[in-house]
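Below: one structure, written as structure tokens.
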Amino acid sequence: MKTSLLLFFTVLKLSAQINKVEPPFWYAGMHNPDLQIMFYGEKIAQFQVSVSNRIKITNIKRTENPNYVFVTINTKNIKATNCIFTFKNNNKTAFTQNYSLKPRRENSAQRKSYDASDMMYLIMPDRFANGNTNNDTTLSTVENYNRELPGGRHGGDIEGIIKNLNYIDSLGVTTIWNTPLCEDNEATFSYHTYAQSDVYKIDPRYGTNEDYARLAEEIHKRNMKLVMDYVTNHWGREHWMMKDLPTHDWMHQFDNFTQTNHKRTTINDINASKIDAKICMDGWFAPTMPDLNQSNPLVLNYLIQNAIWWIEYANLDGFRVDTFNYSDPEEIAKWTKAITDEYPNFNIVGEVWMQNQAQMAYWQKDSKIAAIQNYNSNLPSVMDFTLLGALSTVFNEDDGTWDKGITKIYDDFSNDFLYPNVNNLLIFAENHDTQRFNHIYNNDIRKYKMAMTILATVRGIPQLYYGSEIGMAGNKDKGDADIRQDFPGGWESDANDAFTKEGRTKIQNEYFDFTSKLFNWRKNKSVVHFGKMTHYIPEKNVYVYFRHDTSESVMVLINNSNETRNINTHRFQENIGNFKTGKDVITEQKIDITNEIILEPKSSLVLELK
């Protein structure tokens, strides 16, 4: 009996030797057959490692921390299987670890991603809808539910998104981008989830990994797509590795806390000092966000595999990458290429927050500007922040002379030649880090309609921030929480349920109806998705442009002035040609375009030419 108990406790102790295995499992038949598995446990590096099922170990990497061992196996021609890793000490088995190679979905590598035919809806999950009140506070996370605290956890979750997918679909949305959902165990302000503490685990206050996969499944049932917000630049201070780093240089470390200078121009500035460029890339984004060192091959491979694991596990359709150009440029290019090598059609849009088109174009894949410095980011798409800047000011500018008013929009598009793929830009009037559009323009719905008209009809992939479509506003000067307010109706106690026509106010319905009509029209308009754009120099603060291909033409007119404008159409004969009428896509009325079009002040018009 004593011998049996001793054996039992010995096995129990040995089985607890491994605390974490990452990736927790993998998939057979990947383009890159090399898989690097991280085993973590007390003094685990002292053991010899072998694996069953004729799988070949090609490399074993031990670091200065004896609690880690990185084992690389070759999975080429290995079918889906369960294998066993054996850890030995002096040729005696100390313990074993099961590991699975799972089958991939059919045609997984060829999955279709989002493109200019899509409209993206940005959601901050904690502020959208509380579908499961049982996970508002959990035992494994520090910050508890407190909806009374503007910057606290408000309880929105994955279930809340699932329950409102029909609402999102009704807007004309084809793609959903959620801000990060992986665990963020900071004591305060954890709701934004950009300081992640476990990148293989959905934050339990949002749900489970299985819930996330179910979200993707429910989205796909509606012919929509799911984009993950991926963070390559930093983790959170509470990430479990921060308590016991695999290597000293896993994170960028300084003698004293050093924050990034945010001057991303230093990366490609031929005149920049080395110290400025180093602090930009290596400095921490915030005290709670330690900076990852992608130039450490173990770190880079960890990030590549984590991203691929989520694509396979949750059946994702694309990425948005946070703070893309804060990372080491050469290494982040390797990360992006590794993803797109596995998934040739996979779209990735990077947050490149610059105010100059050349600076932004530098970061798009195959940029001729970056080629001057022999650089290629391999990043398919960038976020169009210069268009955001123009949209944030022009509708309050009634003087349309030379470089003012709507001419700013015209001038922005005049630099499209800089981009290698202008159709693959993410365009938006606001997001979770900017002033709310409706705050800037004091909820003047006329100005909202003009902005949405532009987003729906110019090149690129339009993105709508949750709540704009019902007139939600917010002042960033009051703090980030004000631009990330709860969507009305997402909580049972809400008096105003904006998810339903009956629950919305009159003005909310006016916002919603316009948005829904416009973007549902856009869904099937290839001429708007991929057609050529021809625009005309604005006159008297009126901007006219056309989207056209061999089969269709769309005419767009924006009157940004405070006066009614009678637009003589003879100037646009180059595009109007033999067309006589245009159908207003909102009212569906026919309008004669042979001589003159009358535009009300601060208004827009989208015409399908007939």
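The values are calculated or read from the model by the stated rules, or taken from the named source; none is laboratory data. Not measured: the values here are computed from a predicted model. Cβ placement follows ideal geometry from the backbone for every residue including glycine, while neighbour counts extend to all protein chains displayed. These area figures cover heavy atoms from the full protein model, side chains too; ligands, DNA and RNA do not enter into them. Shrake-Rupley method; radii C 1.70, N 1.55, O 1.52, S 1.80 Å.
A few remarks follow.
- The residue among 46, 224, 448 whose Cα reaches farthest toward the positive pole of the charge dipole of the chain, with charges on the beta-carbon of Lys, Arg, Asp and Glu, is 46.
- Sulfur and carbon atoms: percent of accessible area, the range 62-198 [1.4 Å]: 46 percent
- Largest-first ordering by accessible area, 1.4 Å probe, given options 75, 401: 401, 75
- About the Cα centre, charge dipole magnitude for the range 323-476 (Lys/Arg +1, Asp/Glu -1 at Cβ), debye: 240 debye
- Given a 1.4 Å probe and the protein chains as shown, residue 493 ends up with an accessible area of around 100 Å².
- The range 41-115-the range 184-224 distance, computed between alpha-carbon centres (Å): 26 Å
- Angle between the chain longest axis and helix 2-15 axis [Cα atoms, degrees, rounded to 10]: 30 degrees
- Heavy-atom accessible area ranking, 1.4 Å probe, most first, across 176, 591, 372: 372, 591, 176
- Ellipticity estimate at 222 nm from DSSP helix runs (n ≥ 4, -39,500 (n - 2.57)) divided over the chain, nearest 500: -7000 deg cm²/dmol
- Taking the range 415-573 and dividing mean pair separation by its residue count, relative contact order in percent (alpha carbons under 8 Å, at least six apart): 18 percent
- Rounded to the nearest 20 debye, the dipole size of the range 188-347 about its Cα centre is 320 debye, using +1 on the Cβ of Lys and Arg and -1 on the Cβ of Asp and Glu.
- Projecting the Cα positions of 417, 239, 59 onto the charge dipole of the chain (unit charges on Cβ atoms of Lys, Arg, Asp and Glu, taken about the Cα centre) puts 59 furthest along the positive direction.
- The 3J(HN,Hα) values that the Karplus relation (6.51, -1.76, 1.60; θ = phi - 60°) gives for the range 455-472 are, in residue order, 4, 7, 10, 9, 5, x, 10, x, 10, 10, 8, 3, x, 4, 5, 10, x, 4 Hz. Gly and Pro appear as x.
- Rounded to 5, percent antiparallel among DSSP beta bridges of the chain: 65 percent
- Lys, Arg +1 and Asp, Glu -1 on Cβ, resulting dipole of the range 195-259 about Cα centre, debye, nearest 20: 300 debye
- For residue 563, neighbours were defined as the other residues whose beta-carbon sits under 15 Å from its Cβ, and their charges (Lys and Arg +1, Asp and Glu -1) total -1.
- Residue 52 accessible area, assembled protein chains, probe 1.4 Å, Å²: 40 Å²
- Annotation for the range 197-278: chymotrypsin sites (Phe, Trp or Tyr not before Pro) lying in DSSP loop with at most 15 further Cβ atoms inside 10 Å of their Cβ are 254, 257.
- Proximal lysines to residue 408, defined as alpha-carbon separation beneath 24 angstrom and excluding residues fewer than eight positions away on the same chain: 447, 449, 476, 532, 540, 602
- Cα shape, the range 50-152, gyration tensor, a/c 1.5 rule: oblate
- Inter-part distance where the range 286-339 and the range 366-422 are each reduced to a Cα centre, Å: 26 Å
- Averaged over its residues, the range 346-497 has an accessible area of 34 Å² per residue, based on protein heavy atoms and a 1.4 Å probe.
- Three-way shape label, the range 218-269, alpha-carbon gyration tensor, a/c 1.5: oblate
- For the range 113-272, averaging the sequence separation of C-alpha pairs within contact (under 8 Å, six or more residues apart) and dividing by the residue count gives a relative contact order of 23 percent.
- Pairs beyond 30 Å (Cα-Cα), from 163/610; 523/610; 404/501; 61/263; 20/92: 163/610; 404/501; 61/263
- Shape category assigned to the range 275-369 from the gyration tensor of Cα positions, a/c cut at 1.5: oblate
- Normalising the average separation of contacting C-alpha pairs (under 8 angstrom, six or more residues apart) by the number of residues puts the relative contact order of the chain at 11 percent.
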